[in-house]
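The values are calculated or read from the model by the stated rules, or taken from the named source; none is laboratory data. Please read all numbers here as calculations on a predicted model, not as lab measurements. When we count neighbours, we look across all protein chains shown, and the Cβ atoms used for this are built from the backbone with ideal geometry, even at glycine. With ligands, DNA and RNA removed, areas are computed over all heavy atoms of the protein, side chains included. Shrake-Rupley method; radii C 1.70, N 1.55, O 1.52, S 1.80 Å.
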Amino acid sequence: MNIWSEEFGAQTDTPILLIMGSMSQGILWPDEFVGRLAAGGRRVIRYDHRDTGRSDTVDFATDPYT
């Protein structure tokens, strides 16, 4: 399973993981907000939950989560 994510800022900056509510896409974090965090010296990571947005989906009936 592939989980979509994207990062902003330098790899050496202190990371911040933005977790959107269940079944919501990571791109709902406003670009302006993400940009301000990155400009402030943070490594910002946002992602899509499984079965959401650009992350892979599975047929739960035939392949349930473990």
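Things worth noting here:
- Any hit, the range 33-43, residues being hydrophobic (A, V, I, L, M, F, W, C) and either under 10 Å from the mean Cα position of the chain (by Cα) or at pLDDT below 95 (or both): no
- Residue match in the range 37-51 (condition: open to solvent by less than 50 Å² (accessible area, probe 1.4 Å), in a helix (DSSP H, G or I) and out of contact with any helix residue (DSSP H, G or I) (no Cβ under 9 Å at 6 or more places or on another chain)): yes
- Boolean, SER5 is open to solvent by less than 90 Å² (accessible area, probe 1.4 Å) and either of a type in the set (Ser, Thr, Tyr) or touching a Gly at 6+ places or on another chain (Cβ under 6 Å) (or both): yes
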